[in-house]
Amino acid sequence: MGDETSTLKKLRNASSIDQNTINNPKVAHLFIHQHEVVGSHLIPGLNVDVKSLEDSIKLNIELEEGIIVENPVQMCFGILHKKGIQRIIMKTKIGKKSKISIFAHCTFPNAVDVKHIMDADITIGKGANYSYFERHIHGDFGGIKVFPKAKIQVMDSAIFSTEFELLKGRVGLIDIDYDVTCHKKSILDMMARINGRVNDVIKIKETGDLIGDFSRGVLTSRVAVRDNASAEVYSKLSASGSYARGHVDCKEIVQDNGKVSAVPIVEVYNPKAHITHEASLGSVDSKQLQTLMARGLTEDDATDLIINGLLS
């Protein structure tokens, strides 16, 4: 118990999670270090079944029908060691007309040779609302490889919003693969914000399929690369449902010897559907840069400010 308490405290501190939040009985939380649960607290209607295996941990998360979770659920997945593998196999089922928001803190502050693998299967029931915010906190060594993969079904009149943020520390390698299917009158809102430097490698593949009538979807990416970092962004939104509406928005900044490519794909299979796209790739805006430098900022500080504005 002492080791678990110490690990929980270190994870919480590295993730900047307030202790008062964890102590609040109305706030559910789950802390996982590598393949072991080191802290948990659940609330009525939210069921979590955990199986710790030698090479992975399996999570079955179920929110019962009609349950409204008032406070964001705090989850923390991490490895504090310099080396290791964390494989999370997660199945999530959100009941009809229920609502939940999850704040996932993925924390690897000392990674030199670490892999984090997330394989998720998510079903959001009719009329439900599921929000998932995933923040990554990495160290400065760049020795981490992250592979988040998810298949999501958004049922009739349900809402799925997700935001992936990796701004602190080196990216290392990240390879995102999300595939979302939207049914009648459902809503999809997916955002990725990543800052790469040195020789970081960023790969994003996001696919949204608006098969339901009156479904809506937005895929947004904000990526910055500098030094010798590289990024590949593949965003695909297709619509076969009548009156389906969607938009793909890619904005990427490249500095120094960085490389970036963005492939926004829109497909429409119904004359009553409509999808738009916008892509912008290049260096920071020269007028913005000159304006900030005229106010006393150095070129590096002005560039950082512009990039932070893009990623905020």
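The values are calculated or read from the model by the stated rules, or taken from the named source; none is laboratory data. Source: prediction; values computed, not measured. A quick note on method: Cβ atoms are made from the backbone with ideal geometry, for glycine too, and the neighbour counts reach across all protein chains shown.
Applying the condition of being buried (at least 19 other Cβ atoms within 10 Å of the Cβ), part of a loop (DSSP other than H, G, I, E, B) and on the phi < 0 side of the Ramachandran plot to region 127-142 and asking which residue is modelled with the highest pLDDT yields 128.
Hey, does region 62-75 have a residue that's farther than 30 Å from residue 187 by Cβ and within 21 Å of the chain's Cα centre (by Cα)? Reasoning before the result, please.
To start, the set of residues in region 62-75 that are farther than 30 Å from residue 187 by Cβ comprises none.
Looking for residues that are farther than 30 Å from residue 187 by Cβ and within 21 Å of the chain's Cα centre (by Cα), one finds none in region 62-75, hence no.
For residue 89, indicate whether it is of a type outside the set (D, E, K, R), exposed (fewer than 15 other Cβ atoms within 10 Å of the Cβ) and without any contact (Cβ under 8 Å) to a residue 40 or more places away in the chain. When the stated conditions are applied, residue 89 does not pass them. Filter region 160-212 down to residues that are assigned to a loop (DSSP other than H, G, I, E, B) and among the hydrophobic types (A, V, I, L, M, F, W, C) and give me whichever is surrounded by the fewest Cβ atoms within 10 Å (Cβ to Cβ). By that ranking, first place goes to 198. Here residue 24 passes the criteria (1) touching a Gly at 6+ places or on another chain (Cβ under 8 Å); (2) over 18 Å from residue 120 (Cβ atoms) except the one numbered (1). When region 189-231 is filtered for residues that are within 14 Å of the chain's Cα centre (by Cα) and among the aliphatic types (A, V, I, L, M), the ones remaining, listed by number, are 190, 191, 192, 194, 202, 204, 219, 223. The residue that is surrounded by the most Cβ atoms within 10 Å (Cβ to Cβ), counting only those in region 9-48 that are of a type in the set (A, V, I, L, M, F, W, C) and under 16 Å from residue 137 (Cβ atoms), is 31. Considering only residues in region 213-230 that are part of a loop (DSSP other than H, G, I, E, B) and among the polar types (S, T, N, Q), the one that is nearest to residue 243 (Cα to Cα) turns out to be 215.
For region 1-36, which positions are modelled with pLDDT of 90 or more and among the acidic types (Asp, Glu)? Listed by number, the list holds a single entry, 36. The residue of region 213-230 that is surrounded by the fewest Cβ atoms within 10 Å (Cβ to Cβ), among those that are of a type in the set (S, T, N, Q) and farther than 17 Å from residue 179 by Cβ, is 228.
When we screen 18, 113, 49 for residues that are under 25 Å from residue 175 (Cα atoms) and more than 18 Å from the chain's Cα centre (by Cα), the only hit is 113. Please tell me if residue 256 is over 19 Å from residue 193 (Cβ atoms), touching an Asp or Glu at 6+ places or on another chain (Cβ under 7 Å) and assigned to a loop (DSSP other than H, G, I, E, B). So residue 256 passes the test.
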